[in-house]
Amino acid sequence: MSSPAPVARLSVDTLLGPGGALQGALPAYEYREEQLRMALAVERAFDERGYLLAEAGTGTGKTLAYLIPALLSGRRVVVSTATKTLQEQIFFKDLPLLSERLGLRFDAAYLKGRGNYLCLHRYESFGREPVFATREEARYWPHLKAWAERTETGDRSELELPESFSAWSRLSTNSDTCLGSKCPVYESCFVTRVRRRAEEADLLVVNHHLFFADLALRGRGARGEGVLPPYEAVIFDEAHALEDVAASHFGHTVSSFRLEELVKDALAVLPPEDTRYGMLAALVVRLRTHAESLFTQAPRVLGLHEGEGAVALRPERLARLSGPLEQVKGALSALASFTAAEREPELGLLTRRCAELVAELSFLEKVESHEHVYWAEARGRGVFLRASPIEVSRELRERLYGGVDTVVFTSATLATEGRFDFFAHRLGLYDDEGEPVTSVRTVAVPSPFDFEEQAALYLPTHLPDPSAPGFIEAASEEIVRLCEVTGGRAFVLFTSLRNMERAHALACNRLPYQVLLQGERPKQQLLESFREQPSVLFAAHSFWEGVDVPGEALSLVIIDRLPFASPGDPVVAARIRQLESRGLEAFGGYQLPQAALALRQGFGRLIRTRADRGIVALLDRRIVTKSYGRAFLSSLPPARRLDDREALEAWFQFE
């Protein structure tokens, strides 16, 4: 991505300032003081080689505010985002704008995880005898083969495949299954190509999962070869999501899925006519038998609820699985011993995978590190045994901050009650005594939107407390009445899937609009349907953030309750215990600011442009009746507050 001729005297001021090049290149562009202020703060961070926390309200134009100083810095910069949507916007919309309209010269690359690309080696093996889970999946095979012959990128996004297309795992690779430079088609590999392209780029656009997968790989000794090329600076957009993503990659996970994949891959390594196949198959069958026994017993022994849920791993309960665990480790070691004696790269890879699984199971089995939380999770038909760091601060200081002198963290939601302390502590930018570990500056620029005119915050107090019997029934009635005010066009956001499903069941037949439910269809299909006609979408989790529906299609956001993380969640409980063990107050120092940031994300779905107008309704009376409610209210935009539905309707009808 480059342009033939740069404009003269390029600087943040000349590009983004009043009467600047951007305003001249785009007739519809409006100079925004907030955008320039943020851009100058980012420029200073690059000049001083320091760290910046930048909160930028919705509509600020923060993407250009950090891209321009990054591109002008002359350094190799990684831009990492939480969502695929923003990643694509940056690469396919914002960067071409800066290149084609402003004449900025740069090379940019767009990187995804290995699993997004067709693996030519596995595709060739799969194609010899393709096997599909269903007839429906088999119907896609001719289309996929035709695409594989012509694609230049191997990127799955070029294909119209359903998200549930299970055969893709046999056609792509990951850190467990990639042969790397030992692969016979390494030079023509799509991942090899995109990484070599990245090595030439000035700016790399990635996502948080890929970024932290790279950091984790670099810290694993023999497997220390990273995914990303060396870089000099990092910009984290949607930085509010970093802690949980980092914790997931710095931990350990052994799942029923992971062992199932190992069994499938092992059986496919040698052809049945190979003289070694019989011994290999016997070892694999032994592993499969013991793995199935372990993961069949685990939910009952560990206290996991059927289908979904998470529980802390207790030593006394885990001890009851010691026999099945030892059998699995023994089967893995036996398989590793057999494959270690062979020369084929695929067999060598199996040796490594088996050894890693033995090491991770041994780590999980001890349940003794005070720096980790050990827990088990049931998700669908899968069972996961996990160990996650309780805090990622030390990991970030050791793995990232020591090697990169310029890091920008930005989001619409970083501060709580106007302060960045919570985020900075959780991300390790301050030590335990509250002292910065490096030069850290902050900037907070408000949204240019007029929230007092554009948004109303409805806070009813007549509903029961969320923990009281009858709350969800009363909330469902309120949802129906509120949708009458706006003619549907509503997101109804829940803090739990259980409340979402119950409220949907109670209200769906009473709503004279298209009613959509998270999980019934892929996320993008739900959003497309939502935009097409007046709709009510019942959703949780992923719809609280990273979703952009500007205009009248979304006029109402209903939130069932204050989004406190469940203290029953093993990770949350471990973080609370750790803070309390240090004599710190966990509610005010962790639970409250975390919930306030989450509420701001939910609120942020409503007003996306200067022309938007609508209502945010919070059905949790505690924001008004409890003293801590002030912390939530002071963190939200200054919308007009109302507690009467008739007054709310009058406000909404008035133009």
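A compact table of results
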{"quantity": "Pairs with Cβ under 6 Å, 6+ apart, first in the range 436-461 and farther than 22 Å from T416 by Cβ, second β-branched (V, I, T) and assigned to a strand (DSSP E or B)", "calculated": "A456/I615; Y458/I615"}
{"quantity": "Residues that are surrounded by 13 or more Cβ atoms within 10 Å (Cβ to Cβ) and either of a type outside the set (D, E, K, R) or outside any helix (DSSP H, G or I) (or both), drawn from the range 571-586", "calculated": "V571, V572, A573, A574, I576, Q578, L579, L584, A586"}
{"quantity": "In the range 98-123, residue surrounded by the most Cβ atoms within 10 Å (Cβ to Cβ) [restricted to those that are of a type in the set (K, R) and assigned to a loop (DSSP other than H, G, I, E, B)]", "calculated": "K112"}
{"quantity": "Condition met for S188 (of a type in the set (S, T, Y), within 16 Å of R114 (Cβ to Cβ), modelled with pLDDT under 95 and part of a loop (DSSP other than H, G, I, E, B))", "calculated": "yes"}
{"quantity": "Qualifying residue in the range 636-654 (condition: within 26 Å of the chain's Cα centre (by Cα) and of a type in the set (A, V, I, L, M, F, W, C))", "calculated": "yes"}
{"quantity": "Residues satisfying the stated conditions in the range 573-614, i.e. of a type in the set (G, A, S), farther than 30 Å from A28 by Cα and in contact with a Pro (Cβ under 8 Å, 6 or more places away or on another chain)", "calculated": "A573, A595, A598"}
{"quantity": "Conditions (1) closer than 13 Å to Y51 by Cα; (2) surrounded by fewer than 22 Cβ atoms within 10 Å (Cβ to Cβ); (3) aliphatic (A, V, I, L, M): number failed by L429", "calculated": "(2)"}
{"quantity": "Cβ-Cβ under 8 Å pairs, at least 6 apart or on other chains, the range 2-26 side closer than 17 Å to F106 by Cα, far side among the acidic types (D, E) and at pLDDT 85 or above", "calculated": "S2/D107; S3/E100; V12/E43"}
{"quantity": "Test set (1) in contact (Cβ under 8 Å) with a residue 60 or more places away in the chain; (2) within 19 Å of A412 (Cβ to Cβ); (3) in contact with a Pro (Cβ under 7 Å, 6 or more places away or on another chain) - A39 fails condition number", "calculated": "(1)"}
{"quantity": "Qualifying positions in the range 37-60 - in a loop (DSSP other than H, G, I, E, B) and either of a type in the set (A, V, I, L, M, F, W, C) or buried (at least 22 other Cβ atoms within 10 Å of the Cβ) (or both)", "calculated": "T58, T60"}
{"quantity": "Odd one out for F632, checked against (1) surrounded by fewer than 22 Cβ atoms within 10 Å (Cβ to Cβ); (2) out of contact with any Phe, Trp or Tyr (no Cβ under 9 Å at 6 or more places or on another chain); (3) at pLDDT 95 or above", "calculated": "(1)"}
{"quantity": "Those residues of the range 124-168 which are under 21 Å from G113 (Cβ atoms), in a loop (DSSP other than H, G, I, E, B) and of a type outside the set (A, V, I, L, M), in sequence order", "calculated": "T151, E152, T153, G154, E160, P162, E163, S164, F165, S166"}
{"quantity": "Count of the range 290-304 residues which are touching a helix residue (DSSP H, G or I) at 6+ places or on another chain (Cβ under 8 Å) and more than 14 Å from S255 (Cβ to Cβ)", "calculated": "5"}
{"quantity": "Qualifying residue in the range 377-398 (condition: crowded, with 20+ Cβ neighbours inside 10 Å and among the hydroxyl-bearing types (S, T, Y))", "calculated": "yes"}
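For every residue, the table says whether it meets (1) touching a helix residue (DSSP H, G or I) at 6+ places or on another chain (Cβ under 6 Å); (2) of a type outside the set (A, V, I, L, M).
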residue: E238; (1), (2): no, yes
residue: H249; (1), (2): yes, yes
residue: L259; (1), (2): yes, no
residue: A281; (1), (2): no, no
residue: A319; (1), (2): no, no
residue: L350; (1), (2): yes, no
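The values are calculated or read from the model by the stated rules, or taken from the named source; none is laboratory data. All figures in this text were calculated on a predicted structure; none of them were measured in a lab. Reconstructed Cβ throughout: ideal geometry from the backbone, glycine too, with neighbour counts over all protein chains shown.
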